[in-house]
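I have placed the structure first, in the form of structure tokens, so that the comments after it can refer back to it.
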Amino acid sequence: CFKDELEYDQSKIIKNTNSGIIIESKNQLIDEIRSLIKEFNLTKQITCNSRNVEQFSRKLQVKKLAEIIQNEF
């Protein structure tokens, strides 16, 4: 897997699950950190609206790994 492909896959997952912020520059990183700090100071929490993340649960990932191992033997 090439670095660019991995970055694309990560970006795609983050966008599809609404599970994070994709940072493109140093200035954007600074702005996002400031925004998150401001949100936390106002509400004492940071909003998370993730969706479709069940497919990445530890339980499901272990099940998939077990299936792969069983199919190898």
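The values are calculated or read from the model by the stated rules, or taken from the named source; none is laboratory data. Since this is a predicted model, take the numbers as computed values, not measurements. Note: ideal-geometry Cβ built from the backbone for every residue, glycine included; neighbour counts use all protein chains shown. Heads up: the accessible areas ignore ligands, DNA and RNA and are worked out on the full protein's heavy atoms, side chains in. Shrake-Rupley method; radii C 1.70, N 1.55, O 1.52, S 1.80 Å.
Roughly speaking, to the nearest percent, how much of the range 32-73's 1.4 Å accessible area is carbon and sulfur?
56 percent
Could you give the angle, 0 to 90 degrees to the nearest 10, between helix 26-43's Cα long axis and the longest principal axis of the Cα atoms of the chain?
That works out to roughly 80 degrees.
If you plug each phi of the range 45-53 into the Karplus form 6.51 cos²θ - 1.76 cosθ + 1.60 with θ = phi - 60°, what whole-Hz ³J(HN,Hα) values come out, in order, with x for Gly and Pro?
7, 10, 4, 10, 10, 5, 9, 6, 9
Using a probe radius of 1.4 Å on heavy atoms only, what accessible surface per residue do you get for the chain? Whole Å² is fine.
Roughly 94 Å² per residue, with all protein chains present.
Using 1/(1 + (r/R0)^6) with R0 = 30 angstrom and r between the beta carbons of GLN61 and GLU39, what's the FRET efficiency to the nearest 0.05?
My answer for the efficiency is 0.50.
Given a 1.4 Å probe and the protein chains all in place, what does the accessible area of SER19 round to, in Å² to the nearest 10?
Here the accessible area works out near 60 Å².
Two-decimal Rg/Rh of the chain from alpha-carbon positions, Kirkwood Rh?
Over the Cα atoms of the chain, Rg/Rh equals 1.13.
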